[in-house]
Amino acid sequence: MNPLPECRICGEEEGQCHAAPETMYGTGEVFEYFECAQCGALSIIDIPEDLSSHYGGSYYSMAAAGQRDVRRAVRRVWDRLCALNTVRLGGRLDWLLGRLHHQPAILSWPVFQRVGLAGRILDVGCGAGVLLDRLADMGFRNLTGIDPFLDERLVREGRVTLRRTGIEQMVGTFDLVMFNHSFEHVLDADATLAAARDRLAVEGRLLLRVPVGQGVAWRRFGVEWAQLDPPRHIVIHTEASIRALAERNGLELENVFYDSTAFQFWGSAQVQNGIALQSPSSHAVDPSRSTINREQMEKYRSEAESANQRSDGDQAGFVLRRASPLSAGSGDVEHPLQGDL
């Protein structure tokens, strides 16, 4: 007899169970999730025995970046100018650059000005390293990515270092440890968060960018919400669950920013219509075959922006730092590991 479901974050047994279909590939499989009545987190009840079989070369984060071309060369110049404005000039040229073109959304994350272009950055769950390559184009010089599911052919050293490993095996400290839509995939959130904390430099910051539940997309689409993504997402967090995790792992929440996109609406609308994200007719694969027209997409973008302003979008960034002795209660917080890579 299976035990009663409980929240993987706070252990609460009061809540609601949901039968969620697999939506990335449209396999027809269904997975049970438990919605916690206390912290609101959505936890998968039974983790597949071979979780790695649900990842692979076609999984979007494992796809390698395209070849360099003229368009990327132009973008690289623009990215570097915007990064210098954000990191070195404190955004003094925002008004001018904003009039010329949209600035990279990455630079709106409230961490890079503190870290600086020479800061040591570790991306946990980096996939093929696309985000790190973009940061390298911007001029960041100390970039490492790790991923336990990384194809050995993608392992590399150079301006960006990629390794097939987990954070528990990493040695050294970093000015920024970031989980860019990877923390929701970890099997043990407490152990992973503690390992990340131990690898923070004294003034380092931890960034968790994750899908968040209880927002407008979850309320509207339920188990057909595209970012639920069974069974790869082990836990869909909320602000309450992140705060609880941080508090018991010697961390405190410094900042929260919502950066959800139109995907929460068009991706979920596709799922409602039986179109998997990796389907040939998906907007993500071939926009020309999509059932979503330009007018509808603009409406979704506007709605996403409004949701972010209300802190009601379906993804957010949480900036964490080591808790001060007073806020940590006993003050018994472990020191970071010594040494550098």
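At a glance:
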| quantity | calculated |
| --- | --- |
| Mean Kyte hydropathy of -0.5 or more with a Cα span along the axis of at least 15 Å, helices from DSSP in the chain | 70-87 |
| The chain - charge dipole about Cα centre, Lys and Arg +1 at Cβ, Asp and Glu -1, debye rounded to 20 | 1980 |
| Relative contact order of the stretch 148-229, pairs being alpha-carbon contacts under 8 Å that are 6 or more residues apart, as % | 27 |
| Segments 73-81, 166-174 sorted - mean Cβ within 10 Å per residue, highest first | 166-174, 73-81 |
| Inter-probe distance in nm under a simple model that places probes 7 Å from Cα toward Cβ, at Arg92 and Arg164 | 4.8 |
| The stretch 288-313 residues near the modelled Arg220 label - backbone nitrogen below 13 Å, point 7 Å along Cα→Cβ | 296-308, 312-313 |
| Alpha-carbon centroid distance for the pair the stretch 151-228 / the stretch 266-321, whole angstrom | 22 |
| Check: the stretch 117-254 dipole with +1 on Lys, Arg Cβ and -1 on Asp, Glu Cβ, in debye | 240 |
| Computed Rg/Rh of the chain, alpha carbon atoms with Kirkwood Rh | 0.95 |
| Relative pair counts by distance (%), Cα atoms of the stretch 108-168, 5 Å bins | 4, 21, 29, 24, 14, 7, 1 |
| Mean Cα-pair separation over length for the chain, i.e. relative contact order, pairs under 8 Å, 6 or more apart, % | 19 |
| Whole-Hz ³J(HN,Hα) from phi, Karplus 6.51 cos²θ - 1.76 cosθ + 1.60, for the stretch 227-232, glycine and proline x | 7, 5, 6, x, x, 5 |
| FRET efficiency estimate (nearest 0.05) - Cβ-Cβ, Glu254 to Ser53, R0 35 angstrom | 0.40 |
| Beta bridges per DSSP with both ends in the stretch 132-216, % antiparallel, nearest 5 | 10 |
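A short reminder: the numbers here are calculations on the coordinates, not readings from a lab. Given the structure is predicted, the values throughout are model-derived calculations rather than measurements. Because the Cβ atoms are built from the backbone with ideal geometry, glycine has one as well, and the counts that use them run over all protein chains shown.
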